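The values are calculated or read from the model by the stated rules, or taken from the named source; none is laboratory data. Values in this document were obtained by computation on a predicted structure and should not be read as measured data. Note: ideal-geometry Cβ built from the backbone for every residue, glycine included; neighbour counts use all protein chains shown. To get the accessible areas, we keep the full protein, side chains included, count just its heavy atoms, and leave off ligands, DNA and RNA. Shrake-Rupley method; radii C 1.70, N 1.55, O 1.52, S 1.80 Å.
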Amino acid sequence: MKIGIISFTEKGKDLAQKAAYALERAGHSCDITPWEKGMSLSGWAERQWQSREGLLFIGAAGIAVRTIAPFLKDKFTDPAVVVMDEKGRFAIPLVSGHVGGANALAMTLGQILGSTPVITTATDVNGVFAVDIFAKENRLHLSDRFLAKQISADLLAGRPVGWRADWGSFPMPEGFVMACGDQDAGEGHTYGEGEKVPEGPGTAVWITVSSRERPGWLKLIPKAVIVGMGCRKDIPFQSLSQAVDQMLADHHISGQAVFGVATIDRKAGEPAVAELIKSRNWNLLSYTAEELEKAPGVFPESEFVRKTVGTGNVCQRAALLSGGRLLAEKTRFPGITIALALWEN
């Protein structure tokens, strides 16, 4: 974590040096600023807000609160803010305790400096599962921030919350009940007319790559889907983008679940492929024809493609080399072939 540290007294300055040294040994990067007369505290905070992941005030909590107030947006984007007294007796997270990491920073300071972390977050105080922390630690995308708050409220109130993990090997945490629902993405069950949807708790946590929605179900989405792709030369970006969207929609896969595109190396520089990667912030995985030929399994082949690029199937081979399990076999679109694979955790 990149941390900006500011102090206001001589004792505070000494503590700032000590804290920075210890934090950097723990893997953090620190920038220390001792306050001086005439210095704009608001200007310092604004610069730190834009460039740092954490702010540590060594001084009165009131100074810290008034300084950061104009910059606060929400706990999912604000940096972690912690305040310590100049003697280092207490470390108090002020904002972004969970997602931003202020609680963890305060506890780290407690461990290395002997300070007492003053944690006020309800889930921490009550020892209740925190879905936002779980999502952050496991690199899962939260589908609904407000629903995440409701799940925490239900857990704190002792109300049952459902748990379903279609991806990964996550044990059900304490306070949850097993939730019934749609099957794994790509093998989804659609409830027919007159078919009863299984009853369950009002809210649930669902670890999945599915694009399906259920009222009250918070999806935690891993970046685990690989889009295997082959395409003709100079394919238009719009055609490629629409084909990918159609493929994901047909197989009920969330776009948030896509890690990247896999293809043959000679297509990695295709303008439409490069634009797709950039526009969606995906990753590119490319393989030589020789590497693709080593993909295990039997694949639908094209002699034309083999003569052109050296292997008879690009999309499905590339998807499987990058992922662990095939979600969708080779599908043809005009000038494009796509297959989907899923990393297993």
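Amide H contacts for residue 287 (H built 1.01 Å from N in the peptide plane; partners 5 or more residues away or on another chain; cut-off under 5 Å): 263, 264, 265.
Percentage of Cα-Cα pair distances in region 1-122 greater than 18 Å, rounded to whole percent? Cα-Cα pairs of region 1-122 separated by over 18 Å account for 43 percent.
Residues in region 1-113 average 50 Å² of solvent-accessible surface per residue, probe 1.4 Å, ligands and nucleic acids excluded.
Each of the peptides 71-84, 322-335, 94-107 was scored by the mean count of other Cβ atoms within 10 Å over its residues; in descending order, highest first, they stand as 94-107, 71-84, 322-335. The alpha carbons of region 68-125 give a radius of gyration and a Dmax of 11.2, 32 Å, in that order.
The packing ranking of peptides 277-288, 259-270, 237-248, highest mean first, is 259-270, 237-248, 277-288, where packing means the average number of other beta carbon atoms within 10 angstrom of each residue.
Highest mobility in the GNM of the chain, judged by mean-square fluctuation with C-alpha springs under 10 Å and restricted to 235, 207, 226, is found for 235. With contacts taken as Cα pairs under 8 Å and at least 6 residues apart, region 288-340 reaches a relative contact order of 29 percent. Could you estimate the translational diffusion coefficient of the chain from the Stokes-Einstein equation, with Rh from the Kirkwood formula over C-alpha pairs, at 37 °C and 0.692 mPa s, in whole µm²/s? Translational D for this selection: 141 µm²/s.
Helices in the chain, meaning DSSP H runs of at least 4 residues, each add -39500 (n - 2.57). Divided by all residues, the mean residue ellipticity at 222 nm is -9500 deg cm²/dmol. For region 221-345, the Stokes-Einstein estimate of translational diffusion at 4 °C and a viscosity of 1.567 mPa s comes to 93 µm²/s, using the Kirkwood hydrodynamic radius over alpha-carbon pairs. A DSSP coil position with no more than 16 other Cβ atoms inside 10 Å describes the following GluC sites (Glu not before Pro) in region 28-59: 36. Near residue 95, the amide H atoms lying under 5 Å from its own belong to 81; only residues 5 or more places off or on other chains count, and H is placed 1.01 Å from N.
Sparse packing (at most 14 other Cβ atoms within 10 Å of the Cβ) combined with a DSSP loop state is found for the following trypsin sites (Lys or Arg not before Pro) in region 1-40: 37. For residue 254, the residues whose modelled amide H falls within less than 5 Å of its own, excluding neighbours fewer than 5 places apart on the same chain, are 210, 211.
Spread over its residues, the convex hull of the C-alpha atoms of region 64-181 is 124 Å³ per residue.
Dipole size of region 247-309 about its Cα centre, with +1 on Lys/Arg Cβ and -1 on Asp/Glu Cβ: approximately 160 debye, rounded to the nearest 20. Looking at this model, which pairs from 267/330; 13/136; 75/278; 75/136; 18/75; 73/136 are more than 22 angstrom apart at the alpha-carbon? Among 267/330; 13/136; 75/278; 75/136; 18/75; 73/136, the Cα-Cα distance tops 22 Å for 13/136; 75/278; 18/75.
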